[in-house]
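Everything on this sheet refers to the single structure shown next.
FYI, it's all coordinate maths here, none of it is from the lab. This is a predicted model, so every value here is computed, not measured. No Cβ is skipped: glycine too gets one built from the backbone with ideal geometry, and neighbour counts run over all protein chains shown.
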Amino acid sequence: MIFASEGLLFGTAGVPKSARAHSTLAGIQHIASMGLDCLEIEFVKGVRMGSDLAKKIGQEASRLNVRLSVHAPYSINLNAPEEGKRLASQERILHSAREKIPVRKTGGHPSSLQRNRWDPSMCRFFAYPCV
């Protein structure tokens, strides 16, 4: 297995459509069977995973040598004029990173449309190390 410090990792964003089931566990197994290196777990509609399942996912990924990352929810808006929305967005990022899954990165999109005006930050993607 080649890790990030040694080269590029190849994988999918989300469970591959060709996996036997649409679950993160099945996705990890399918990634490994295809000879890929990593899987991005998509929490795009919110972080909905219990600690027991997160532990199983971490163990399976470790057993199969599949690296994991997380995509934080789309509801993140670090550009909101209201402080409460910005703080809630920061909490969503942290919650994505705090799950019991051994991920190296949490990523997402930092902003959304403000008062029907386009903001270039909407197109950016962030990636935070989870150390």
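Would you mind computing, in nm to one decimal, how far apart the modelled labels at PHE10 and LEU64 are, each placed 7 Å from Cα along Cα→Cβ?
With each label placed 7 Å out from Cα toward Cβ, I get 1.7 nm.
Note down the nm distance, to one decimal, between modelled labels 7 Å out along Cα→Cβ at ASP52 and at LYS17.
Simple spin-label model gives 3.3 nm for this pair.
What FRET efficiency comes out for LEU36 versus ALA88 if R0 is 35 angstrom and r is the Cβ-Cβ distance? Round to the nearest 0.05.
0.55
Residues with beta-carbon under 12 Å from that of VAL15, excluding VAL15: net charge, scoring Lys, Arg +1 and Asp, Glu -1?
Residues near VAL15 contribute 0 overall.
Can you sort VAL103, VAL47 by how many other beta carbons sit within 10 Å, fewest first?
VAL47, VAL103
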